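This report concerns only the one structure given below.
The values are calculated or read from the model by the stated rules, or taken from the named source; none is laboratory data. Given the structure is predicted, the values throughout are model-derived calculations rather than measurements. As a convention, Cβ positions derive from the backbone with ideal geometry for all residues, glycine included, and neighbour counts pool all protein chains shown.
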Amino acid sequence: DFQIGDQVWTNSMGYEGRMGATAEYVAVPTDRLYHVPDGVAPMPLVAAVHSAATAAIVLNDVMEIRRGQTLLIEGAAGNVGRKLIQLAHQMGVTAVITASPRDFARCQQLGSTACYDYHAGFADQLTTDQWTFDHVIDTSGRVPLAINLALLRLGGQVTLITAPQDNQFEFPVRQFYMSQQRITGFVISHATVDQLAQAASRLNRAFSAGLLLDDQVSQRYFKDAAQCHAQLEAGTDHHQRFVLLPS
């Protein structure tokens, strides 16, 4: 299915012994390789695929979310959060988000139904507004698990894609099991070939429609890799995406 000169992308290299992506040349198995859709610029696509694939697999395979359900996305203005909003909206899911007020307008443009300030006791506000959720996902790892469980409906699910810095959670176990709730975790490096391929098909359709390509892209070079990693670790700008090119 591939010809010399085709533009292609992949999102699963550098794990489990596979060649990494910061290389001038890389051998990619064909079942992990996907075409760049016609008319889609490669730079914003490359910046989007990691967070977008995470969102797609979380919604489809981890949450198994369905049209008409309600999802709370915490820290929704970040890279994964914005992808979750757009894909959930496409699926007919009601997406309620927490973010900084300066990001409310953007999140609403992407498809969020309601926005809450994560600095201002958002859990109490959600309860006052009578929101309950089928699914909750915290993209930041900063919200206590007990708060998220309390916002769930019977049989609801909390999904983790990161962990708190202290590596600890406390929550009322009796309430948890009596409500038949679930806690799941997802790391994209463990995604299967089939999950990645299904996500790639869905993402390419979205890319062709001009969706998911809204990241702030900073073009750098391989020699800048250490500096980029340091900036990411510092967490000074959760909206920034670095794309490294050979010098």
- Message: For the condition assigned by TED's automatic domain parsing to the domain that holds P37 and among the hydrophobic types (A, V, I, L, M, F, W, C), what is the one hit in A163, A146, A150, A197?
- Response: A197
- Message: Need the failing condition index for A123 against (1) surrounded by fewer than 17 Cβ atoms within 10 Å (Cβ to Cβ); (2) over 19 Å from the mean Cα position of the chain (by Cα); (3) of a type outside the set (F, W, Y), just the number.
- Response: (1)
- Hey, among D117, D129, which residue is surrounded by fewer than 18 Cβ atoms within 10 Å (Cβ to Cβ), out of contact with any Ser or Thr (no Cβ under 9 Å at 6 or more places or on another chain) and of a type in the set (D, E)? D129
- Note on the structure: Of the residues in segment 231-247, those that are in a strand (DSSP E or B) and not aliphatic (A, V, I, L, M) come to Q240, R241, F242
- Query: Which condition number in (1) free of Cβ contacts under 8 Å to residues at least 12 places away in the same chain; (2) buried (at least 23 other Cβ atoms within 10 Å of the Cβ); (3) not aliphatic (A, V, I, L, M) is the one that T139 fails?
  - Reply: (1)
- Query: Could you count how many residues in segment 1-59 are loosely packed, with under 11 Cβ neighbours inside 10 Å and of a type in the set (S, T, N, Q)?
  - Reply: 2
- For segment 170-182, name all the residues that are closer than 10 Å to G156 by Cβ and touching a Leu at 6+ places or on another chain (Cβ under 8 Å). S179, Q180, Q181
- So how many residues does segment 23-62 have that are in a loop (DSSP other than H, G, I, E, B) and either small (G, A, S) or not assigned by TED's automatic domain parsing to the domain that holds R241 (or both)? 4
- Subset of segment 165-181 that is in contact (Cβ under 8 Å) with a residue 12 or more places away in the chain and not in a helix (DSSP H, G or I) - its residue that is surrounded by the most Cβ atoms within 10 Å (Cβ to Cβ): Q181
- What about A114, is it out of contact with any helix residue (DSSP H, G or I) (no Cβ under 6 Å at 6 or more places or on another chain) and at pLDDT 95 or above? yes
- Message: Given the options S189, S208, name the one that is surrounded by fewer than 17 Cβ atoms within 10 Å (Cβ to Cβ), under 21 Å from T159 (Cα atoms) and in contact (Cβ under 8 Å) with a residue 60 or more places away in the chain.
- Response: S189
- Item | Filter result for A76 (small (G, A, S), assigned by TED's automatic domain parsing to the domain that holds R153 and at pLDDT 95 or above) | yes
- Number of positions in segment 182-230 that are of a type in the set (F, W, Y), assigned to a helix (DSSP H, G or I) and over 28 Å from Q109 (Cα atoms): 1
- Query: Among R153, R102, R174, R106, which is among the basic types (K, R) and under 22 Å from I65 (Cα atoms)?
  - Reply: R153
- Query: Within segment 66-73, is there a residue that is among the small types (G, A, S), touching a Phe, Trp or Tyr at 6+ places or on another chain (Cβ under 7 Å) and over 15 Å from T159 (Cα atoms)?
  - Reply: no
